[in-house]
Structures are given as structure tokens and as C-alpha cells.
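Heads up: the structure comes next, in C-alpha cells.
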Amino acid sequence: FDYVKTEHWQDNPNTKAPATAIANGREATEFFGRNKLVAEIDTEEMRRVSRHVVASGRSFSTADRKLAALSKMMRFALEKGVIPKTHKVPMYRNDNERMRFLTKEEAQKLLKLWRDWHQPEAHAFTVFALHTGARLGAIMDLRWNAFGPGFNTVLFLGGDKKSRARTLPMSKAAKEAVLSMQRLHPDARGPFQHMMGSNGKARSLRELWDDMQSTLGWDDVVIHTLRHTCASWLVQSGVDLKRIQMWL
């Protein structure tokens, strides 16, 4: 990382957005740690990086940018004789994993697991995410004043360069999910604020999701998959792509 940062990214007029490239390279490096042998970083190890990024609520394109930076470092390692070969970089735009979404049966299986585990918060979050298609961060940031009268609408403020403020109608299921959180946590700042981290006996969404992946064998189902699922279900229902794009 230090070598590529100095020799390729930094002050290089041919590098587009060098600060971003450096930040992406640094995150990939920190994921493995500086003592990780470059020769040990194969395709599956690179896939772990992308899964980590998506699991944190960021987009597939963001994960691809981390992998692109890592790929650049690997190519330099090859040129300098540090490694004898490079491995395939599992970019989401080329990888079948990108297309992962839940079927209706899988969604019901996931929701049943939350019920069996007596996790109403995780159940409500999953329903809300499936019915709104919102990103993890946008859902976690919601305050009660984002909801319209009778909880019939929800306002997402955007918050990143790809999303703009938009008001979405609330389905009956999404509305009930939010109301259930209001009943459980009437003093919270928003419906899902308490799920951002461990708090006393409560378990964070991340901890629960990791356990779910292990129990169901769904390593390829990350939280962002719920957003993909919402879009896929809308397509299957015959909604036109422009309307889905505006919704998301």
C-alpha cells in the first residue's frame, strides 16, 4: 500500500481521484492488517473484502472500488516479484453474487427465523427494508419526524451523492413494522436507532445477521441483499424500471 500510494496514486496526473484511490487502498490494507502476506490474498480473500463493505451497508459499486484498489496493489506486487501470480478479482459487476436476492420463500424463512429467535426488532427491520428498499444507513438514521401523518409515508433525506430526498408511501407491512418498534421503544429517537450497536442485553443487527448467515448457510446474503430483493420483486411485479430507479 505504501509503495503504490507513493509511486502510483499520489501526485499522479493520470490517476482519477487519487485521494479516493488512496482511501480505498488504505481500507483494504486495514481489513487484512499490514502483517498479512500478499501471497495469501487469493480470490476468496478478496471476496471477503467486498462482503465486508456491503455488509456495512455500502453499495456494490463501493465494494468494487475497494477491490479495484486492491487489484492495483496486487499487480504492483506481481511486477516487483513479491508474488508469482495474481488471482481473479471478484468484482460485483462481473460476479454472479451481484444478482443475489431473496425469493418470497426465502424471505419467509428469514422472517420465521427472527420469530423463532424472539427478535422482533430484526423482524421489523427486515420487513421495513424489504418494503422500502432503503439502504442500511438511511434506515438507521430515520427519526420519528420522518414519517407522515398516520405513518402512511416516510421521508428519506438522501445523504449521499447518489440519493436525493424522496417521500415514499408506506405499505401496510412497513407501517406495522414501524408501529411495532414504537410500541417496543417509545422513548427511542427513531424506530431502528437502538439496533446500531450492542446495548445491555440487546444484540446489534450485525451480530444477529452473522448468526443468521451461519444458521441458514446464507453467506452470500448480506443486509444490502434486502435492497436488491425489493428492486427485484418490483421488477417481477411489472413495475417499470424508471419508476423503480426513482423509488430507490
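Hey, can you tell me all the residues within the stretch 11-47 that are under 17 Å from Thr86 (Cβ atoms) and assigned to a helix (DSSP H, G or I)?
Initial filter on the stretch 11-47 (under 17 Å from Thr86 (Cβ atoms)): 25, 28-29, 32, 36-47.
Within the stretch 11-47, Gly25, Ala28, Thr29, Phe32, Val38, Ala39, Glu40, Thr43, Glu44, Glu45, Met46, Arg47 meet the criteria.
Is it true that Leu111 is assigned to a loop (DSSP other than H, G, I, E, B), farther than 27 Å from Ala19 by Cα and either at pLDDT 90 or above or touching a Ser or Thr at 6+ places or on another chain (Cβ under 7 Å) (or both)?
no
Scan the stretch 187-198 and give yes if some residue there is open to solvent by 40 Å² or more (accessible area, probe 1.4 Å), without any contact (Cβ under 8 Å) to a residue 12 or more places away in the chain, among the acidic types (Asp, Glu) and farther than 18 Å from Val127 by Cα, otherwise no.
Quick first cut of the stretch 187-198, residues open to solvent by 40 Å² or more (accessible area, probe 1.4 Å) only: 187, 189, 194, 196, 198.
Restricting the remaining residues to those that are without any contact (Cβ under 8 Å) to a residue 12 or more places away in the chain gives 187, 198.
The next check asks that each one be among the acidic types (Asp, Glu); those that pass are 187.
Add one more test, that the residue is farther than 18 Å from Val127 by Cα, and what stays is 187.
Yes - at least one qualifying residue is present in the stretch 187-198.
If you scan the stretch 1-44, which residues turn out to be open to solvent by less than 50 Å² (accessible area, probe 1.4 Å) and touching a Pro at 6+ places or on another chain (Cβ under 7 Å)?
Matches in the stretch 1-44: Trp9, Asn12, Thr43.
Report yes if some residue within the stretch 136-156 is touching a Phe, Trp or Tyr at 6+ places or on another chain (Cβ under 6 Å) and modelled with pLDDT of 95 or more; otherwise report no.
Kept after step one, since they are touching a Phe, Trp or Tyr at 6+ places or on another chain (Cβ under 6 Å), are these residues of the stretch 136-156: 138-140, 154.
Then keep just the ones that are modelled with pLDDT of 95 or more; that gives 154.
Yes, the conditions are met somewhere in the stretch 136-156.
The rows are residues; the columns are (1) among the hydrophobic types (A, V, I, L, M, F, W, C); (2) modelled with pLDDT of 90 or more; (3) loosely packed, with under 13 Cβ neighbours inside 10 Å.
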site	(1), (2), (3)
Lys201	no, no, yes
Leu205	yes, no, no
Thr215	no, yes, yes
Arg227	no, yes, no
Ala231	yes, yes, no
Leu234	yes, yes, no
Asp240	no, yes, yes
Gln245	no, no, yes
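Out of Ala134, Ala129, Ala122, Ala138, which single residue is in contact (Cβ under 8 Å) with a residue 12 or more places away in the chain, part of a loop (DSSP other than H, G, I, E, B) and out of contact with any His (no Cβ under 8 Å at 6 or more places or on another chain)?
Working: Ala129 fails: part of a loop (DSSP other than H, G, I, E, B); Ala122 fails: part of a loop (DSSP other than H, G, I, E, B); Ala138 fails: part of a loop (DSSP other than H, G, I, E, B).
None of the others qualify; the one that does is Ala134.
The values are calculated or read from the model by the stated rules, or taken from the named source; none is laboratory data. Computed from a predicted model, the values in this text were never measured in an experiment. Every residue, glycine among them, receives a Cβ derived from its backbone with ideal geometry; neighbour counts consider all protein chains shown. With ligands, DNA and RNA removed, areas are computed over all heavy atoms of the protein, side chains included. Shrake-Rupley method; radii C 1.70, N 1.55, O 1.52, S 1.80 Å.
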